[in-house]
Amino acid sequence: MLTNFDTKPFPECVFFQEGPGLRNWQWTQHGMKVINVTNILGDGSINISNTDKYISEVEFETKYSHFLVDEGDIVVASSGNTYGKIGRIKSEHLPLMMNTSVIRFRSLNTEALDNNYLYCYLRSPLFKHQIEQFVTGGAQPNFGPTHVKKMFIDIPPISIQRRIGKIVGAYDDLIENNLKRIALLEKSARLLYEEWFVRLRFPGYEHTNIVDGVPEGWEKKKLGDTIILNYGKALKESDRVAGDFPVYGSSGVVGTNEKALVEGPAIIVGRKGNVGSVYWSDKNCWPIDTVYYISCEETNLHLYFALQYLPFINSDAAVPGLNRNHAYNLDVVLPSKTISEAFDELVKPMHNQILKLQYQNYRLKQARAILLPKLINGEITV
């Protein structure tokens, strides 16, 4: 399939570098922000908005300035369960340096190897297959620069590289635009929730008495007295059969399955790993054993937002976990039925639009996943 493609070792055409082994004692509350494997979400996405990893400016300048990443750099997680996940550095991420287990890539000569094509190649099965050949360590799988030195990249003529980058980039742009629209809708819904239920400036608040910190007609209860946090059920990736039903873990959708475990809509709450994360599934779904789920009978939009404001805490230092009894003991304020229904009526159109955009992105990613390897291996000519 690789008609007119050259195959070259990575060191001949690609710059790559792994971050230093920073230690916990080096972290500070301010200074140079550091990207770790947990910040690389995969599929090109990076989230450093909530990172607490910094080193002092003095230590950065004297020891680590050569680990500063640049706009357009492609970063790959190289260890743990996230190995192989890929992200791309944008201007809004900077300034930023990388930690160990993060490898950055960029073209040595963009006239010979287009950076957008390199980005496509690193997301393709051809690169992932090479990673799998070199991954070492059962409990903590990892690969590093010594392995990358032995890898190869298929390089078509530069004109074809640029066309491949442009085609795949069009999908990336559509997905990114949808994500921006989703973020704006989510922000609008959160602001409305905060106005009504945090600041207590709900319709009619001027004429409502506050009794023991709660508006008259509202109730303060323990979470355990209002809902049941049901345990998800294990479903190994190898046991899943791709289908119409999303599979949820504590980081969100982690795949699909031909069968569902629970009826939608359902609310999913992270139990292990990403403790206290909250997701909404409009469809029937399968929550796995790293999450709790709330049944459709108890699910509503007010609860979905309220859970995002509860102070869920990690109860296990070794493996992050959310203890159900601790969660049940948290206080939750329940508005009157009238206010709850009014909130749902205002938020539902926004929420429905979010779900539509999420589904569009799901389909776009599916199409891109099918197209990308065919472009890279020359099965589709451009």
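A few remarks follow.
- Antiparallel DSSP beta bridges within the stretch 6-155, percent to nearest 5: 90
- From phi via Karplus (6.51, -1.76, 1.60), per-residue ³J(HN,Hα) for the stretch 299-313 in Hz, x at Gly/Pro: 7, 7, 5, 4, 4, 4, 6, 4, 5, 6, 9, 7, x, 5, 10
- Prolate/oblate/rounded call for the stretch 175-363, Cα gyration tensor, a/c under 1.5 rounded: oblate
- In a simple Cβ point-charge model (Lys, Arg +1; Asp, Glu -1; nothing else charged), the chain has a dipole of about 740 debye relative to its Cα centre.
- Selected from TYR248, VAL333, GLY321, residue furthest toward positive end of dipole (the chain; charges at beta carbon): TYR248
- Each of SER107, ILE210, SER65 was placed along the dipole of the chain (beta-carbon charges, centred on the mean Cα), and the one lying farthest toward the positive end is SER107.
- In Hz, Karplus ³J(HN,Hα) per residue of the stretch 372-382 (6.51, -1.76, 1.60; θ = phi - 60°; x = Gly, Pro): 4, x, 6, 6, 5, 8, x, 5, 10, 7, 10
- Cα shape, the stretch 19-146, gyration tensor, a/c 1.5 rule: oblate
- Candidates PRO145, THR381, TYR362 compared by Cα position along the dipole of the chain: farthest toward the positive end lies THR381, with charges placed on Cβ.
- Rounded if a/c under 1.5, otherwise prolate or oblate - the stretch 110-226, Cα gyration tensor axes: oblate
- Size of electric dipole in the stretch 6-155: Cβ of Lys, Arg +1 and of Asp, Glu -1, about Cα centre, debye, nearest 20: 400
- Calculated [θ] (222 nm, deg cm²/dmol) that DSSP helices of n ≥ 4 give over the chain, each run adding -39,500 (n - 2.57): -10000 deg cm²/dmol
- Taken over the stretch 53-179, lysine pairs spaced eight or more positions apart, or on distinct chains, with alpha carbons under 18 Å apart number 5.
- Separation of the stretch 168-240 from the stretch 45-76 is 32 Å, based on Cα centroids.
- For MET151, the residues 5 or more places off, or on other chains, whose built amide H falls under 5 Å of its own are PHE10.
- Using θ = phi - 60° in the Karplus curve 6.51 cos²θ - 1.76 cosθ + 1.60, the 3J(HN,Hα) couplings for the stretch 173-188 round to 5, 4, 4, 5, 4, 5, 5, 5, 5, 4, 4, 5, 5, 5, 5, 4 Hz; x is entered for Gly and Pro.
We did not get these values from a lab; they are worked out from the coordinates using the rules stated. Because the structure is predicted, anything quoted here is derived from the model rather than measured. Positions of Cβ are backbone-derived with ideal geometry, glycine not excepted, and every protein chain shown enters the neighbour counts.
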